[in-house]
Amino acid sequence: IAELSPKMTAVTVVAPSRQDWEDAFSASQEDVVDEPPLLVRGQVCQITPEVQQDAEDVSRFHVHGKDKSWFLQKGAIVFERADPAGFKVDFRFMGDKNKFGDDYADLSRADQQATINWMLAVGVAKAGEQLTGYRDCKSSGFYFLFHLNYRRTKWRIIAMPHNAELEDAEGRTYTCNPQDQEQFELDAHEGQTLSVEFFENELWITEGQLRHARGHWVFPDEQVAPGKLPDGSYYPAVLTPNCPTSFCAHVSQKPAS
């Protein structure tokens, strides 16, 4: 191995951390010229440029990207709602490259690599928030992140922001720390329609008429009952990831319980 000359210094190259990447991306956005608002159709009241609304089906949306391993936001959609007191967002993944379970396992390695639809965040945005398509989960509202496991047989679900727990219908609680293992899980399959329901200031994960779990966020500076969101006005919202994603989303009124 050649020795370094007296004037040369050994340098260790370190890959950028996730925070380094996010800080660089955030700084790069400061030079971006504001663009005029995008044309919205159907139930949409806000949509960021990263998300494509289908030309024929206004309830269908598409996002391009590369990262399937963890959630890095790339886009946002906010929807109108008829009744601010109660509503739900139904969503379903779409597309040909969208296999689950054994059907996914039977694919060739190349087809597995080409599979889309790995994660999505669905919840509510606070009234008056202008979503940017980047890091909106930090403060714009309250969301559930649905992330498929590598076999595409289970949803692993956590709340965002992460200062929360999920409580299932039997009262068991689950961590929302992305690094922990004991997260709430739900069976996943092709053609599945899941919902996020807002009613009586609670946010629930539902499927058909079945309530699976609700979010318990912590509000140290506010008097908020357990399992409730702070008083205020909320709109249904979806945060899209930086990976190939195609889905349908529709908002309906939540019938009184």
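The values are calculated or read from the model by the stated rules, or taken from the named source; none is laboratory data. Computed from a prediction, not measured in an experiment: that's the story for all the values here. Here Cβ is always computed from backbone atoms with ideal geometry, including for glycine, and neighbour counts include all displayed protein chains. What goes into the accessible areas is simple: the full protein's heavy atoms, side chains included, and nothing from ligands, DNA or RNA. Shrake-Rupley method; radii C 1.70, N 1.55, O 1.52, S 1.80 Å.
Just a few scattered comments:
- From the list 245, 153, the one residue that fits, being of a type in the set (Ser, Thr, Tyr), out of contact with any Ser or Thr (no Cβ under 9 Å at 6 or more places or on another chain) and crowded, with 21+ Cβ neighbours inside 10 Å, is 245.
- Candidates 202, 197, 185, filtered to the one that is open to solvent by less than 30 Å² (accessible area, probe 1.4 Å) and under 19 Å from residue 92 (Cα atoms): 197
- The requirement of being in a helix (DSSP H, G or I), touching a strand residue (DSSP E or B) at 6+ places or on another chain (Cβ under 8 Å), surrounded by 22 or more Cβ atoms within 10 Å (Cβ to Cβ) and not β-branched (Val, Ile, Thr) is fulfilled somewhere in segment 129-136, by at least one residue.
- Residue ID - farthest from residue 252 (Cα to Cα), chosen from residues in segment 205-218 that are surrounded by 11 or more Cβ atoms within 10 Å (Cβ to Cβ) and of a type outside the set (D, E, K, R): 218
- From the options 180, 231, 221, residue that is surrounded by fewer than 12 Cβ atoms within 10 Å (Cβ to Cβ) and under 25 Å from residue 46 (Cβ atoms): 231
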